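S.K.: My structure is below; once you've seen it, I'll send some questions.
The values are calculated or read from the model by the stated rules, or taken from the named source; none is laboratory data. Computed from a predicted structure; not experimentally measured. Cβ coordinates were reconstructed from backbone atoms using ideal geometry, including for glycine residues, and neighbour counts include every protein chain displayed.
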Amino acid sequence: MATISLSSLSALARDTLAGAGANPAMAQATANALVFADARGIATHGVSRVPSYALHLSSGRADGAAEPQIVQEKASALLVDAGTGLAFSACELAIKSAIEKARQTGICMAGVANSHHFGMAAYHLEPVAQAGLVGLAFSNSPSAITAWGGKRPLFGTNPIAAAFPREQADPVMIDLSLSQVARGKVILAARDNKPIPDGWALDSEGRPTNDAQAALKGSMQAAGGVKGAMLALMVELLCVALTGSNFGYEADQLYEDTGNEPRLGQMFILIDPQALAGQQTYFNRIEDLIAAMLDDEGVRLPGARRHDLAYTAQEQGVVVPDSLLAQMGYQAC
């Protein structure tokens with residue numbers, strides 16, 4: 001294990017992705033997003049993804065030359081086509097454009113079509129909160145969850161996130177997937193030949209399993225049972241029916257090196273509090289709720305721990321496995 005600064009890690013990830021075929025903007029946007037996740041302790045969505053992304057670029061599952069374009073636009077809505085490239089530069093364009101529109105009209109929905117894995121969902125909402133706007137983020141992903149009562153995985157784990165800015169403090173950031181646990185944990189267990197706990201997954205026959213390999217051939221348990229499955233359905237429809245992208249069952253698994261272009265969809269909803277009860281009323285009300293929450297001993301605000309980790313990582317760097325650094329061609333001084 002080695003400790004590496006965020007700036008060095010970002011440059012290393014950027015150069016590796018560029019070497020695999022990503023254009024400069026795509027490589028930099030992707031590196032920024034992955035290091036953001038590592039700094040917040042979310043290693044499953046950090047630079048550990050670089051080798052997989054690089055293979056997708058070299059195999060044609062992602063187009064490194066793609067340049068995202070706004071292909072549909074109205075006063076409070078827009079659609080960005082990612083062109084089957086990595087997701088981050090396309091999402092960056094969608095968010096930047098949506099902030100401008102939400103400030104003008106009070107709200108904006110920004111969709112991204114023909115996209116790829118979009119990493120840590122909350123990452124995309126940081127600039128939204130910094131702009132004083134409320135943000136919601138959604139993405140579908142390759143199939144992992146069954147329709148309720150079924151055996152065939154149809155919906156992705158479909159991450160969702162929300163950002164609520166505060167007047168003089170870090171925003172409240174909520175970020176979760178709709179499976180009982182992140183699928184990455186099952187992938188790690190399968191790699192290490194370890195069992196998984198009860199309640200995580202089902203085998204291909206819809207039976208509960210502790211076998212990680214069987215779980216990868218089956219499905220993930222939806223968070224909250226039928227309620228989680230319904231939420232996953234909602235995300236599929238928001239991100240696919242409105243953008244023209246692939247449903248989860250139409251996209252090959254992202255943890256596989258070969259397969260089709262996933263062509264996933266993302267959706268962002270940005271809201272200006274000033275357009276409703278007003279910015280100051282919003283700030284006053286959110287602080288009233290936060291005060292009530294923190295008055296109850298043991299309560300911790302969503303995202304607070306990740307903010308603390310990020311401040312520490314900015315000064316001290318993050319620890320990265322030697323094997324991963326070697327895959328990215330890192331050479332210690």
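S.K.: Looking at 163, 214, 190 in this structure, which one is among the hydrophobic types (A, V, I, L, M, F, W, C), buried (at least 22 other Cβ atoms within 10 Å of the Cβ) and not assigned by TED's automatic domain parsing to the domain that holds residue 47?
M.R.: Within the list 163, 214, 190, the selection yields 163.
S.K.: Residue 270 passes all but one of (1) over 19 Å from residue 122 (Cα atoms); (2) in contact with a Lys or Arg (Cβ under 9 Å, 6 or more places away or on another chain); which number fails?
M.R.: Here residue 270 clears every test but (1).
S.K.: Sticking with this structure for a sec: Exactly one of these conditions fails for residue 243: (1) over 17 Å from the mean Cα position of the chain (by Cα); (2) surrounded by fewer than 21 Cβ atoms within 10 Å (Cβ to Cβ); (3) not in a helix (DSSP H, G or I). Give me its number.
M.R.: (2)
S.K.: For residue 228, state whether it is crowded, with 20+ Cβ neighbours inside 10 Å, over 29 Å from residue 15 (Cα atoms) and modelled with pLDDT under 95.
M.R.: When the stated conditions are applied, residue 228 does not pass them.
S.K.: Also, quick follow-up: Which members of region 10-47 meet the condition of being closer than 26 Å to residue 176 by Cα, surrounded by fewer than 19 Cβ atoms within 10 Å (Cβ to Cβ) and either β-branched (Val, Ile, Thr) or touching a residue at least 60 places away in the same chain (Cβ under 8 Å) (or both)?
M.R.: Answer for region 10-47, where residues must be closer than 26 Å to residue 176 by Cα, surrounded by fewer than 19 Cβ atoms within 10 Å (Cβ to Cβ) and either β-branched (Val, Ile, Thr) or touching a residue at least 60 places away in the same chain (Cβ under 8 Å) (or both): 41, 44.
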